[in-house]
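Participant: Here it is: the structure, laid out below.
The values are calculated or read from the model by the stated rules, or taken from the named source; none is laboratory data. Nothing here was measured: the structure is a model prediction, and the numbers come from that model. Cβ placement follows ideal geometry from the backbone for every residue including glycine, while neighbour counts extend to all protein chains displayed. The area values use the complete protein model at the heavy-atom level, side chains included, leaving out ligands, DNA and RNA. Shrake-Rupley method; radii C 1.70, N 1.55, O 1.52, S 1.80 Å.
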Amino acid sequence: MSEERQHYRPGWDDYFMAIAKVVAARGTCDRLYSGAILVKNNRIIATGYNGSPPGLPHCQDVGHLMEEGHCVRTVHGEHNVLLQAAIQGGTSTTGSTMYTKYLPCIHCTKYVIACGVKRIVAAKIYRNPKALDMLKEAGVEVVLYQENPEWLAELQKIFSEEVPTRTNEGEVKLEAKS
């Protein structure tokens, strides 16, 4: 009989930051794989990553569209998460928390403020420190996320272990259709 491993239950910031990083994996612009999620009352209301608008070609397929040293083909993850919340409807972004791999750029910062986001948890400061100044001036709390070694170890286990089966739960058989 094997022993069950000890379970580590993450705090909210650890949990949501891990999800934001997974969301970033969907990005289609290799200049920066950014991901963001919006959370309200500890519930995810939207996700977003760097990618072209729906129906348009992606950087990974046709290359970058560069203007003044920036790829403008994609919509940033922080902007996309706000757009997704608007498209889905049914909730408000006012008072929400944004979890993001990078502190939003100056343009996304304007959208974050305009949408009433009250807290940002970012894994890394991105380029322009003026964005941080704007957020603080607008009363948005900014938290620089600190990696939690226990949670990172748990994530490695979660993503590498087999899904366990328990013999006392019975066996389910699927019949193939002919």
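Participant: If you check each cysteine of the chain for another cysteine whose beta-carbon is under 4.7 Å away, which ones come up empty?
Facilitator: Lacking a cysteine Cβ partner under 4.7 Å: 71, 105, 108, 115.
Participant: Give me the Debye-computed log₁₀ of I(q)/I(0) at q = 0.15, 0.18 Å⁻¹ for region 125-164, equal point scatterers on Cα only, no solvent, two decimals.
Facilitator: -0.58, -0.65
Participant: Where does the longest stretch of the chain lie that holds no trypsin sites (Lys or Arg not before Pro) found in a DSSP loop with 13 or fewer other Cβ atoms within 10 Å?
Facilitator: In short, 6-126.
Participant: What number, rounded to the nearest 500 deg cm²/dmol, is the helix-based mean residue ellipticity at 222 nm of the chain, given -39500 (n - 2.57) per DSSP H run of at least four residues and division by all its residues?
Facilitator: -9500 deg cm²/dmol
Participant: Would you mind checking which residues have amide H under 5 Å from residue 75's amide H? H placed 1.01 Å from N; only 5 or more apart, or other chain.
Facilitator: Those lying under 5 Å, H to H, from residue 75 are 51, 52.
Participant: Compute, for region 6-55, the length of the dipole vector about the Cα centre, with Cβ point charges of +1 (Lys, Arg) and -1 (Asp, Glu) only. Units Debye, rounded to 20.
Facilitator: Dipole of region 6-55, to the nearest 20 debye: 120 debye.
Participant: Express in Å², to the nearest 10, the accessible area of residue 13 obtained by rolling a 1.4 Å probe over the protein heavy atoms while all chains stay in place.
Facilitator: 50
Participant: Per 5 Å bin, what is the whole-percent P(r) computed from every C-alpha pair distance within region 84-146?
Facilitator: Calculated over all Cα pairs of region 84-146, the distribution is 4, 19, 31, 26, 13, 6, 1 percent.
Participant: So, in nm, how far is label residue 141 from label residue 156 when the simple model puts each one 7 Å beyond its Cα toward the Cβ?
Facilitator: Between residue 141 and residue 156, the simple spin-label model gives 3.2 nm.
Participant: Also, I was wondering about something else. For region 13-118, what is one quarter of the convex hull surface built on the Cα atoms, given in nm²?
Facilitator: Hull-based average projected area comes out at 6.5 nm².
Participant: In addition: Write down the percent of antiparallel bridges among all DSSP beta bridges whose residues are both part of region 54-178, to the nearest 5.
Facilitator: Percentage antiparallel, nearest 5: 20.
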